[in-house]
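Student: Below is a structure I'd like to ask you about.
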Amino acid sequence: MKKDLISIIIAAFNEEKKIARCIESLLAQSYKNIEIIIADDGSTDKTVEIAREYARKHKNVSLLEQKRQGPGAAKNLAAKKAKGEILVFVDADEYPRRDYVKKLTKPIMAGKAQTSIGAWIVAKPENPWARCRFEDTYKLRHHAMQSGVFRAIKKISFEDLGGFDTTKGYSDDRIKTEFERV
């Protein structure tokens, strides 16, 4: 593992319309000591071609490919290859703000936590579908803290937990643990 390197992992399946914007937002992060690992889960569209082009142009971007096994398996594959001390998991349809990685990993780097969660922003709060699950950010924050969801974790802690349960489908981002989340 490389000291202070953060490995950002994107599990992707048929994300040709979103993956470039996601990668661009990660390349623009204020924290620069990053590697971006795209783990393609058997896409049948142009996701792999787009990711391969970014990997060709940027030395800190790499592409891993696997047959369709689900997002948990794709994330586990990338985590095994990651060289960073901290793993950050980003979905291909997310476009993190410039300071996202820096702020997300700060408590882990400071030794205050082993995992941390990110905050979502409702893009169109006037849209009832966007508000249907959480009426306010306190409920969202409480849900995330109680659910086992995390967005960043020490690589050694992730390995100790055995990675994501690949049988959980899209609930793969939850791991039962007593780790304190911040």
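Here, each number is a calculation from the coordinates, and none is a lab measurement. In this text the structure is predicted, and so the values were computed from the model without any measurement. Note that each Cβ is placed from the backbone with ideal geometry, even for glycine, and that neighbours are counted across all protein chains shown.
Student: Report the per residue volume, in Å³, of the convex hull enclosing the C-alpha atoms of the stretch 3-45.
Tutor: 50
Student: Also, quick follow-up: Give, as a single signed number, the net charge of other residues whose beta carbon lies under 13 Å from the beta carbon of MET1, with Lys and Arg counted +1 and Asp and Glu -1.
Tutor: After counting each charged neighbour, the total is +3.
Student: Return, ordered by residue number, the residues of the stretch 62-81 whose backbone nitrogen is under 19 Å from a label point located 7 Å along Cα→Cβ of LEU161.
Tutor: 70-81
Student: From the C-alpha coordinates alone, can you work out the Kirkwood hydrodynamic radius of the stretch 1-94, in Å?
Tutor: In the stretch 1-94 this quantity evaluates to 12.9 Å.
Student: Extension gain ARG21-ASP4, at 0.36 nm per residue separation less the Cα-Cα distance, in nm?
Tutor: Roughly 3.6 nm would be gained on extension.
Student: Could I ask something else about it? Holding the Cα-Cα limit at 25 Å, pick out from LYS67/LYS154; LYS46/LYS102; LYS32/LYS80; LYS106/LYS155; LYS32/LYS106 the pairs that are longer than that.
Tutor: Checking Cα-Cα distances, LYS67/LYS154; LYS46/LYS102 exceed 25 Å.
Student: Of the peptides 20-29, 151-160, how do they stack up when ordered by the mean number of other Cβ atoms within 10 Å, highest first?
Tutor: Top of the packing list down: 151-160, 20-29.
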